[in-house]
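One structure is given below, encoded as structure tokens.
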Amino acid sequence: TMLENHFTKFIVWYRWVDKSGFAQFKDQAFTSVPSLVKKFIAPVVARKIGKGLYNEGTGRLSEAEILQLAKKDLDAVSNYLGGREYFFGEQPSMIDAVIFATIGNVILSNIEIPLRELAYKYDNLVSHSNRMMQRYFADIQ
């Protein structure tokens, strides 16, 4: 899908390749790892992921290109959702779960990255993410 082929890779790029995003994300990704080990392991993992992204193409894009493509993805999803609460009616469906797992992952994250700022410009996607979080994960908010 569009989200798997583009948007998810942009999330990975911002969390593992972008210096600011990685600085915030590594502490969350390696919470159970001793700090000395984290200091050496996290950069190795980040380089490996960065190399993979480069080899498949995303890592060759500039940040401006990534944000431009992410905007197209968000535009498409936002336009399809429109003013509805869920994509196919009054009850969530599998597509709502997929959208929540990807776009909600950015919107509800505490990692301050330009991709998150971009996603917050889509009120209906922010509302959808909050609605899904409340419905399925209210006990962990």
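At-a-glance table
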read-out	value
Output for segment 1-25, where each listed residue is in contact with a helix residue (DSSP H, G or I) (Cβ under 6 Å, 6 or more places away or on another chain), over 15 Å from residue 116 (Cβ atoms), open to solvent by 30 Å² or more (accessible area, probe 1.4 Å) and assigned to a helix (DSSP H, G or I)	2, 6, 9, 16
Segment 1-27 residues that are under 16 Å from residue 38 (Cα atoms) and in contact (Cβ under 8 Å) with a residue 12 or more places away in the chain, paired with ones that are of a type in the set (Asp, Glu) and open to solvent by 70 Å² or more (accessible area, probe 1.4 Å) (beta carbon under 7 Å, 6 or more apart)	24/112
Close pairs (6 angstrom Cβ cut-off, 6 or more residues apart or separate chains): touching a residue at least 12 places away in the same chain (Cβ under 8 Å) in segment 88-115, outside any helix (DSSP H, G or I) and of a type in the set (A, V, I, L, M, F, W, C) anywhere	96/87
Residue 30 vs. criteria among the hydrophobic types (A, V, I, L, M, F, W, C) and free of Cβ contacts under 8 Å to residues at least 40 places away in the same chain	yes
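The values are calculated or read from the model by the stated rules, or taken from the named source; none is laboratory data. Just so it is clear, the structure is predicted and the values come from calculations on it, not from any experiment. Using ideal geometry, Cβ is built from the backbone for each residue, glycine included, and neighbour counts are taken over all protein chains shown. Note: accessible area is taken over every heavy atom of the protein model, side chains too, but ligands, DNA and RNA are not part of it. Shrake-Rupley method; radii C 1.70, N 1.55, O 1.52, S 1.80 Å.
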